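The values are calculated or read from the model by the stated rules, or taken from the named source; none is laboratory data. Just so you know, these numbers come straight off a predicted model, no measurement behind them. Here the Cβ positions follow ideal geometry from the backbone for every residue, glycine too, while neighbour counts run over all protein chains shown.
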Amino acid sequence: MTAALALEGLTKSFGKTEIIRGVDLAIGKGERHAIIGPNGAGKSTLFNLITGRFSQTAGTIRLHGTDLAGKAPFQINRMGLSRSFQITNIFPKMTVFENVRCSLLWAMGYRYNFWSMVGRSRALTEGADAILEQINLTARRDLPAGVLSYAEQRALEIGITIAGGADVIMLDEPTAGMSHSETDYIVDLIRTVTVGKTLVMVEHDMGVVFGLADQISVLVYGEIIATGTTEAVRANPKVQEAYLGGVLEDH
Amino acid sequence: MSDQITSEPTKPAQRMRAGSMVLPLAPWLIAAVALVVLPFIFTNNSAITIMNQMAITIIFALAYNMLLGQGGMLSFGHAVYAGVGGFACMHIINAEDFFAGLPLPLLPIFGGLFGMGLATIVGSFSTRKAGTVFAMISLGVGELIAACSVIIVAFFGGEEGISGDRTYGLPFFGVEFLQQIEVYYLIAAWLMISAILMYLYSRTPMGRMANAVRDNPERAEFLGYSARWVRFYSFVASGFFAGIAGALFAINYEILTEENLNTTQSGIILLVTFLGGVGFFFGPILGAIVFTLVQTVLSLQTELWAFYLGIIFVATVMFFPGGLAGLLMMHVPAWRMGKIGHLAWPYLKTLGGGLIGSLGAAALIEMVFHLRHASIGDHEMTLFWTTFDSHTVLPWIIAGVTTLIGFGICRATAPALVEAWNEANAAPKVAP
Amino acid sequence: MDLILVNLIDGLVTGLLLFMLSAGLTLIFSMMGVLNFAHASFYMLGAYFAFQISLALGFWMGLLIAPLIVGVLGAGVERYGLRRVHQYGHVPELIFTFGLALLIEELVQFIWGKNQMPYAAPDILQFTAFSIAGNSIPAYKIFMIFISVAIFIGLLWVLTRTRVGMIIQAALTYPKTVEALGHNVPLIFMGVFGVGTALAGVAGVIAGPVLGTFPGMAFVLGSIVFVTIVIGGLGSLWGALVASLLIGWITTFSKAYNLRMEDLLTTLGFTKPEAIADSPWRDLWSITSPQIADILPYILMVLILIFRPYGLFGKRDA
């Protein structure tokens, strides 16, 4: 079986600085994979490489076996990979409902359609409402997204990310900047909306990681030093030394 | 996924949608009736000329707002798409054999297609980026084509432009469009068609994604849409409707010159659209109506109308970036709560003061202008139906005092207005 | 050969003049990310102010004072206008400067009227500096070249050798950090805007006597200046220099040498149609290089944007 996402010898340099120094990683279908690592380890860069925001210096990225080299973000998205952002990235002036509806358009085959009315499509309206129901924002449906609370905006961001029906979902620090109760809420939300999908996430909060992921990779200075189940990674001496030791004591 | 959906009419959102099926039609019906009735109210020829110009400007401004308001693309050279559409139509009018078989009311389609064709060519490279780069390319291409009008004489007719006779077309149900009023109804019909089409376009997936790309191009890319192609399609659609406006211009005036292409023309349409308000669909309509009226009235009254217009424009950009439509829509919450009436009196006081002050200031400006530029010995000037000597002190004092008093009232009553405003927009304290 | 030298000098004058405008414009752009549409309007104000001052105090005082007034005005525009509009985003900023350009043109017409002002070069510079094969080079042109070059060197020195220049350069790239280091970044922005517009003012003062001081002068030069910095690459000072000189020489040479499209087409192997008057291509055959000199910059810009969208020296992320 081909991996949902496979990275081989991936490197990325900005000028002379090598941020990603040869990452090999295979994430199986339906796996829930967390990438952790200290600040500045290159987690976000790795994300941006995979989703086509940056282009890699060397190495290959394969999505369901297809090489993503030279593909623009929108092409990668069409191949079934969707991502959220570390900094909330929604359409603030549009209503919550429109935000979700826009994210359904391509997946529902509308493409660059300029002859059918979005308001008249039952499937589109119902689909968007169903997503809103899933992310518990039905009550906020007709408000501009920009006025929502931070946690609600994060939920909307996740809603937009999953709406297109992509089977590989990448979440960049979904709980960054949230209170404990908000975090618990978002973790539950992520768990329900990503059932049956491949989940790749970058996260700082170890509680979130252990609650959501079944596989963990530890990225330190642009290299993956360990990959495995939570238990295996927890037990790995290299990880203990480089990262987990300190953090786990805090928790 | 879909089995989770239940249509619950108790949900406020769905109830609203169910009830609003009739409402959206109302403004369109009113507009259509108004377009039919207007010539019976304003019957003289000059009024119809103004209305024709207004209608053409509305179409052009709406087309422009497809870019600026809905797509977030600022074009400094949009006149060329209307202009080229118009020039093309003029050539069709002059192609006697072809035109004799073509009913005039169908001509704007050709204008639209030519505008669209040009937009396709230019858009293919100009829409790669939004923002400043797009604005600069639009300016450069606009200047280039405007400058070409003197060089490519075969198409643009050089300095004198090209003209033709619209009445040689195939009579349309017996109508030959000799009369201004017949042209009015032709333009009005195209106004309705284009406005409805542009409105519907904004409701299609492309229209929605144009908004999405305007607000957050990167996010749109991660939803599967290429920001560039979304911009491109908006640009092409806008070019089509601009071409229709150009064709109607050709029909109405029967002459096109370099003036239809140049940056001034492009600047005017930007001004009209922005004054009206880019945030709402009806903004440009409002802008075109107000602009045409103000231009007609002011330019008859004063040489300095462009100066006043410049001041109004800069003030709008600085203080009311939502334009007229934005100002109007600000009052919707107070209207909904039924408290709009509380604003009337404070508004009257402050705006009345402001109006008096502005008129006083305008009088001062006019007098300075007269003092500086009237021919030597010409001391007499007429202002607000009063004739006086601009070299005496009294008029200056009157104008100065009026200005001070007017703005004084404006300033003194402003806090009360702000208070009334806050009061009118405060949420009701006790839930009903 | 001599004619080439004469044209080189003429093109240099035009190019350096363009550069004085585009340098300020490109500095302001790289700083605030907004193209100041009204930049050429400040150039016009420079000319008009200098003319007014020269009536009372003579040319040299005009050269000294007018740019200062223009710079102060520019700083005021930044402080009370742009900074306010900035919160609405880039597009309203551009629209604001566009409106300002319209307003300044109307204002100039309001004060000075629509006719050209009799603003002339000072008598002391009214002589022929030298002649090349019968073509006299007026001293004023040499003076213009000196002023432009002096300003360019001064600008380069300030930007690269002084502390203020270092802070400006840092503020361009990392405004937040520089602000955190205790520098007043809004003040720096205002200063750079003021200096940029003052440079445009200087250009106006020295160009007014040659190119004419009339209400349309901003418009004539304005769009060429934008084209220049787009060709050079938005935000690049060197790009602005190269593009300015390029445009200066291209337009001068194409005006000086009457190259005909007919000759070019014939050389390429096309034959001129017999009935040229009726041919749809008649305008193509009759094109001459002086005729299209003024639109060459636009053509160049479109070509550059198609093949090198970031300009000659532009950074990809600009």
Within the set of pairs 6+ apart or on separate chains, which have a first residue in the range C:285-304 that is touching a residue at least 24 places away in the same chain (Cβ under 8 Å) and facing another protein chain (nearest Cβ under 7 Å), a second that is buried (at least 16 other Cβ atoms within 10 Å of the Cβ) and charged (D, E, K, R), and C-beta atoms under 6 Å apart? C:Tyr298/B:Glu143
Taking first residues from the range C:212-226 that are at pLDDT 85 or above and second residues anywhere that are among the hydroxyl-bearing types (Ser, Thr, Tyr) and assigned to a loop (DSSP other than H, G, I, E, B), the pairs with Cβ under 9 Å that are 6 or more apart or on different chains are C:Thr213/C:Tyr119
How many residues, within the range B:192-237, are within 26 Å of B:Leu106 (Cα to Cα), hydroxyl-bearing (Ser, Thr, Tyr) and within 7 Å of chain A (Cβ to nearest Cβ)? 3
Of B:Leu270, B:Leu304, the only residue that is touching a Phe, Trp or Tyr at 6+ places or on another chain (Cβ under 8 Å), more than 30 Å from B:Arg208 (Cα to Cα) and facing chain C (nearest Cβ under 10 Å) is B:Leu304
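Let me confirm something: among C:Gly74, C:Gly46, C:Gly11, C:Gly24, which residue is over 26 Å from C:Phe189 (Cα atoms), modelled with pLDDT of 85 or more and either out of contact with any Asp or Glu (no Cβ under 8 Å at 6 or more places or on another chain) or not in a helix (DSSP H, G or I) (or both)?
Working: C:Gly74 fails: over 26 Å from C:Phe189 (Cα atoms); C:Gly46 fails: over 26 Å from C:Phe189 (Cα atoms); C:Gly24 fails: over 26 Å from C:Phe189 (Cα atoms).
Only one candidate passes the filter, namely C:Gly11.
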Restricting the range C:226-271 to residues that are surrounded by fewer than 18 Cβ atoms within 10 Å (Cβ to Cβ) and among the small types (Gly, Ala, Ser), which is farthest from C:Tyr310 (Cα to Cα)? C:Gly269
Give A:Gly70, A:Gly52, A:Gly109 a once-over and let me know the one that is of a type outside the set (A, V, I, L, M) and free of Cβ contacts under 8 Å to residues at least 12 places away in the same chain. A:Gly109
Out of all the residues in the range B:380-395, is one or more without any contact (Cβ under 8 Å) to a residue 24 or more places away in the chain, assigned to a helix (DSSP H, G or I) and not charged (D, E, K, R)? yes
Pick from B:Gly140, B:Gly157, B:Gly164, B:Gly174: which is crowded, with 16+ Cβ neighbours inside 10 Å and more than 14 Å from chain C (Cβ to nearest Cβ)? B:Gly164
Please list, ordered by residue number, the helices (runs of 4 or more DSSP H) wholly in the range B:36-116 having 1 or more residues that are of a type in the set (Phe, Trp, Tyr) and within 30 Å of B:Gly326 (Cβ to Cβ). B:45-71, B:79-94
Does B:Ala288 count as part of a helix (DSSP H, G or I) and surrounded by fewer than 20 Cβ atoms within 10 Å (Cβ to Cβ)? no
Looking only at strands (runs of 3 or more DSSP E) that lie completely in the range A:1-107, which have at least 2 residues being small (Gly, Ala, Ser) and touching a Ser or Thr at 6+ places or on another chain (Cβ under 8 Å)? A:5-14, A:58-63
Can you name every residue in the range C:266-288 that is at pLDDT 80 or above and assigned to a helix (DSSP H, G or I)? C:Thr266, C:Thr267
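Is it the case that B:Val122 is in a helix (DSSP H, G or I), of a type in the set (Val, Ile, Thr) and either more than 7 Å from chain C (Cβ to nearest Cβ) or in contact with a strand residue (DSSP E or B) (Cβ under 6 Å, 6 or more places away or on another chain) (or both)? Give the derivation first.
On the way: in a helix (DSSP H, G or I): yes; of a type in the set (Val, Ile, Thr): yes; either more than 7 Å from chain C (Cβ to nearest Cβ) or in contact with a strand residue (DSSP E or B) (Cβ under 6 Å, 6 or more places away or on another chain) (or both): yes.
Criteria met by B:Val122.
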Looking for something surrounded by fewer than 23 Cβ atoms within 10 Å (Cβ to Cβ) and hydroxyl-bearing (Ser, Thr, Tyr) - is there at least one such residue anywhere in the range A:60-79? yes
Flagged in the range A:27-46 as within 14 Å of A:Glu223 (Cα to Cα) and either small (Gly, Ala, Ser) or touching a residue at least 12 places away in the same chain (Cβ under 8 Å) (or both), in numbering order, are A:Ile35, A:Ile36, A:Gly37, A:Pro38, A:Gly40, A:Ala41, A:Gly42, A:Lys43, A:Ser44, A:Thr45, A:Leu46
Report every pair of residues separated by at least 6 positions or lying on different chains whose Cβ atoms are under 6 Å apart, first residue within the range B:334-345 and closer than 12 Å to B:Trp421 by Cβ, second assigned to a helix (DSSP H, G or I) and of a type in the set (A, V, I, L, M). B:Ala334/B:Ala424; B:Lys339/B:Ala424; B:Ile340/B:Ala334; B:His342/B:Ala420; B:His342/B:Ala424; B:Leu343/B:Ala420; B:Leu343/B:Ala424
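Which one of B:Ala189, B:Ala147 is within 14 Å of chain C (Cβ to nearest Cβ), over 19 Å from B:Leu68 (Cβ atoms) and assigned to a helix (DSSP H, G or I)? Outline the logic, then answer.
Working: B:Ala189 fails: within 14 Å of chain C (Cβ to nearest Cβ).
After ruling out the rest, the residue left standing is B:Ala147.
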For the range B:150-182, give me the residue count where each residue is in a loop (DSSP other than H, G, I, E, B) and not aliphatic (A, V, I, L, M). 11
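Look at the range C:99-125 and say how many of its residues are more than 14 Å from chain B (Cβ to nearest Cβ) and surrounded by fewer than 18 Cβ atoms within 10 Å (Cβ to Cβ).
Keep residues of the range C:99-125 that are more than 14 Å from chain B (Cβ to nearest Cβ), which gives C:116, C:118-125.
Okay, now just the ones that are also surrounded by fewer than 18 Cβ atoms within 10 Å (Cβ to Cβ), so C:116, C:118, C:120, C:122-125.
Selection size over the range C:99-125: 7.
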If we scan the range C:126-143, do we find a residue that is crowded, with 17+ Cβ neighbours inside 10 Å, part of a helix (DSSP H, G or I) and touching a Phe, Trp or Tyr at 6+ places or on another chain (Cβ under 8 Å)? no
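In the range C:202-219, which residue that is assigned to a helix (DSSP H, G or I) and touching an Asp or Glu at 6+ places or on another chain (Cβ under 9 Å) is nearest to the other protein chains (Cβ to nearest Cβ)?
Going residue by residue through the range C:202-219, those that are assigned to a helix (DSSP H, G or I) are C:202-211, C:217-219.
Then drop every residue that is not touching an Asp or Glu at 6+ places or on another chain (Cβ under 9 Å), which leaves C:218-219.
Numbers: C:Ala218: 12, C:Phe219: 8 Å.
Per the stated criteria, the residue is C:Phe219.
Tell me which residues, restricted to the range C:305-318, are within 11 Å of another protein chain (Cβ to nearest Cβ), hydrophobic (A, V, I, L, M, F, W, C) and surrounded by 15 or more Cβ atoms within 10 Å (Cβ to Cβ). Spell out how you get there, then give the answer.
As a first pass, look at the range C:305-318 and keep what is within 11 Å of another protein chain (Cβ to nearest Cβ): C:305-307, C:309-311, C:314, C:318.
Okay, now just the ones that are also hydrophobic (A, V, I, L, M, F, W, C), so C:305-307, C:318.
Scanning the range C:305-318 gives C:Leu305, C:Ala318.
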With the requirement that a residue be within 30 Å of B:Ile405 (Cβ to Cβ) and aliphatic (A, V, I, L, M), what does the range B:320-353 give you? B:Leu324, B:Leu327, B:Leu328, B:Met330, B:Ala334, B:Ile340, B:Leu343, B:Ala344, B:Leu348, B:Leu351
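Hey, among B:Gly224, B:Gly243, which residue is within 12 Å of B:Phe60 (Cα to Cα) and assigned by TED's automatic domain parsing to the domain that holds B:Phe155?
Details: B:Gly224 fails: within 12 Å of B:Phe60 (Cα to Cα).
Going through B:Gly224, B:Gly243 in turn, just one is within 12 Å of B:Phe60 (Cα to Cα) and assigned by TED's automatic domain parsing to the domain that holds B:Phe155: B:Gly243.
To keep it simple, each residue is scored yes or no on (1) surrounded by fewer than 17 Cβ atoms within 10 Å (Cβ to Cβ); (2) away from chain C (no Cβ under 14 Å); (3) at pLDDT below 80.
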position	(1), (2), (3)
B:Gly323	no, no, no
B:Met330	yes, yes, no
B:Ile356	no, yes, no
B:Ala361	no, no, no
B:Ile365	no, no, no
B:Ala374	yes, no, yes
B:Thr382	yes, yes, yes
Would you confirm whether any residue within the range C:83-103 is touching a residue at least 12 places away in the same chain (Cβ under 8 Å), more than 21 Å from B:Gly323 (Cα to Cα) and part of a helix (DSSP H, G or I)? no
